[in-house]
Amino acid sequence: MDITIKKAGLEDVFDISKLHAICWKDTYKDIIPNSYLKGIYLDDWCDEFEEGINNKTREAHIAYIDDKPIAVISHGQSRCNMEGYGEIISLYVHPIYQSSGIGSLLLEHAVKYIKESGYNNICLCVFDKNERAKKFYEKNGFKDSGKKNILKIDDEDIEETVYVYD
């Protein structure tokens, strides 16, 4: 199983969006209202990533096995009121490849890339009910900062915790 990682370009936005959609529907089924998850389409994140790549406000790296995209990590300047921080905005591994080490590999790759881009500090946000993700990030050197955010999704408040890289 050969894993390759490449920086995403505009030609990759559909693959990124598709991975997000598949993973949201799988990972967040007990976290996000079902009514919201049912309305997710494979191309829902295309415009967001196209804009981010064009404006250089969001970058992504994709992991491939045999030229098939199986995981994606995106990052940029912090959006969670953490001045001077880079942020891991999203990390999604296709469900059939979860727990294979690909997520850790992508995270390590992105942390190195973000630090080389000039950020000494890195943060990310995790839904409070996503215990699996919290354990994953803690295992990979992130710590709970004590800061919380509230997202409103389909009239439901979803709490998330800000983690920082130690």
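Taking the alpha-carbon distance from residue 18 and a cut-off under 22 Å, which lysines remain once sequence neighbours fewer than 8 residues away in the same chain are dropped? Of all the lysines, those that pass the test against residue 18 - Cα under 22 Å, at least 8 places apart if same chain - are 6, 7, 29, 38, 56, 68.
Counting protein heavy atoms only, region 1-139 has 46 percent of its accessible area on carbon and sulfur, 1.4 angstrom probe. The Cα center of region 48-75 and the Cα center of region 120-166 differ in position by 21 Å. Charge dipole of the chain (Cα centre as origin; +1 on each Lys and Arg Cβ, -1 on each Asp and Glu Cβ, all else neutral): 480 debye, rounded to the nearest 20. For region 80-166, the per residue solvent-accessible surface stands at 56 Å², with DNA, RNA and ligands left out and a 1.4 Å probe.
Remark on residue 147: its backbone amide H falls under 5 Å from those of 162, a criterion applied only to residues 5 or more positions apart or on other chains, H modelled at 1.01 Å from N. Beta bridges from DSSP with both residues in region 1-143: antiparallel share about 85 percent, rounded to the nearest 5.
In order along region 28-40, the Karplus-derived 3J(HN,Hα) couplings, from 6.51 cos²θ - 1.76 cosθ + 1.60 at θ = phi - 60°, round to 9, 4, 10, 10, 9, x, 4, 4, 6, 4, 5, x, 7 Hz, and Gly and Pro are given as x.
The values are calculated or read from the model by the stated rules, or taken from the named source; none is laboratory data. Not measured: the values here are computed from a predicted model. Note that each Cβ is placed from the backbone with ideal geometry, even for glycine, and that neighbours are counted across all protein chains shown. What goes into the accessible areas is simple: the full protein's heavy atoms, side chains included, and nothing from ligands, DNA or RNA. Shrake-Rupley method; radii C 1.70, N 1.55, O 1.52, S 1.80 Å.
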